[in-house]
Amino acid sequence: MAAEGISCPSRCSCQYLEVNCSGQQLQEFPVDIPLDTRQLILAANNVSYLPAVELSFLADLVYLDCRKNLLGDDLDFTFIGVAKLVYLDLSFNNLTQVTFSTFSHLLSLVVLKISDNPNLVAIEKDAFANNTWLRHLDVSRTGLTFLDTSTVRDLPNLRLLGLSDNLWHCNCSFLDFVTWMMESDVHFPDADNITCYTPVGLRALRMPAAEAQLHFSCLTQLYKQDYVFLCLVGFCIFLAGTMAAWLAGVCAVIYEAYASKGEEEEEEEEDTAT
């Protein structure tokens, strides 16, 4: 129930600096939100679009809960006007990718939850480059198969990272990320469910075991192309050595011939003088 004298969106409840519209089957972003709102809860609705202009009117917003909606596709520049946002929950939506422009304006962001987005298949390498205050990041239960190490390693304040139940592809390109996990001070909740999905031989393997396996297969074993490369290098070295030896032999023969000719000429001159 809205307090007297406070404008409140239809089907929402409002109290001091907070608007709660959760579970109201809203199809669109609510209108008439008080401009001084600090906390906005839109959880469990059917909102598929967040209007950047309307959000920008809420310049003091620090907490935004949009979990369990239909948000997806392009969220680039959506949050450009809410730079004070500290908490953002976009879990249980239809996000497909995260680019640098998605959260780059949220310089104060501390908690970001984008878990349970099964269609989220890509997070750009520099997606969180501006979110240096980020402490809690959750990307669990998405369609991610790979995450560049620098995407999370370069977050100086990161303390908690959710990665469980994703489709991690544990190949040699993923070794650097797994090694970082093992050496990092970051806490990984539900770590037992951070496992490889592909290749089949490593499926369901937890990250500590995966690191050992990848170290063995990627750093000690040679593949067919490696043997071909080594054969080519060996052949080139052999060919270069053979050519060097041949040239040295030719030079030696020429020198000997020249030296012998010089001695013969000296002997002829001595005989003539005698």
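The values are calculated or read from the model by the stated rules, or taken from the named source; none is laboratory data. Small disclaimer: the values here were computed from a predicted structure and weren't measured. Cβ sites come from the backbone with ideal geometry, for glycine too, and all protein chains shown count toward neighbours. Please note that ligands, DNA and RNA were not included when accessible areas were found on the heavy atoms of the full protein model with its side chains. Shrake-Rupley method; radii C 1.70, N 1.55, O 1.52, S 1.80 Å.
Tell me, please, whether a residue that is touching an Asp or Glu at 6+ places or on another chain (Cβ under 8 Å) and over 30 Å from I80 (Cβ atoms) can be found in the stretch 123-137. Looking through the stretch 123-137, none of the residues is touching an Asp or Glu at 6+ places or on another chain (Cβ under 8 Å) and over 30 Å from I80 (Cβ atoms). Return a yes/no flag: does the stretch 50-63 have any residue that is in contact (Cβ under 8 Å) with a residue 40 or more places away in the chain, open to solvent by less than 80 Å² (accessible area, probe 1.4 Å), touching a strand residue (DSSP E or B) at 6+ places or on another chain (Cβ under 7 Å) and not in a loop (DSSP other than H, G, I, E, B). No. Tell me whether the stretch 42-64 contains one or more residues that are of a type in the set (D, E, K, R) and either closer than 21 Å to L163 by Cα or touching a Gly at 6+ places or on another chain (Cβ under 7 Å) (or both). No, that holds for no residue. When you check F77 against the structure, is it under 21 Å from the mean Cα position of the chain (by Cα), part of a loop (DSSP other than H, G, I, E, B), of a type outside the set (S, T, Y) and on the phi > 0 side of the Ramachandran plot, yes or no? Yes, satisfied. Taking the stretch 101-125 as the range and being within 22 Å of D176 (Cα to Cα) and open to solvent by 50 Å² or more (accessible area, probe 1.4 Å) as the test, the residues that pass are V121, E124, K125. Taken over the stretch 151-186, the criterion of being polar (S, T, N, Q) and loosely packed, with under 15 Cβ neighbours inside 10 Å is satisfied by N157, S173, S184.
Checking each residue in the stretch 218-238 for being under 25 Å from T179 (Cα atoms), at pLDDT 65 or above and surrounded by 10 or more Cβ atoms within 10 Å (Cβ to Cβ) picks out only C218. Sub-8 Å Cβ pairs linking a first residue in the stretch 115-139 that is closer than 11 Å to T151 by Cβ and aliphatic (A, V, I, L, M) to a second residue that is at pLDDT below 95 and loosely packed, with under 15 Cβ neighbours inside 10 Å, at least 6 apart or interchain, are A129/D154, ordered by first then second residue.
Picking from F128, F146, which residue would you name as being surrounded by 15 or more Cβ atoms within 10 Å (Cβ to Cβ), under 11 Å from the mean Cα position of the chain (by Cα), farther than 20 Å from C196 by Cα and hydrophobic (A, V, I, L, M, F, W, C)? That would be F128, the only listed residue that is surrounded by 15 or more Cβ atoms within 10 Å (Cβ to Cβ), under 11 Å from the mean Cα position of the chain (by Cα), farther than 20 Å from C196 by Cα and hydrophobic (A, V, I, L, M, F, W, C). The condition (being of a type in the set (A, V, I, L, M, F, W, C), within 15 Å of D138 (Cβ to Cβ) and open to solvent by 10 Å² or more (accessible area, probe 1.4 Å)) is satisfied by just one residue among F29, F92: F92.
Here is a check on your reading of the model: is S173 more than 23 Å from F79 (Cα to Cα), small (G, A, S) and part of a helix (DSSP H, G or I)? Judged against the criteria, S173 is a match.
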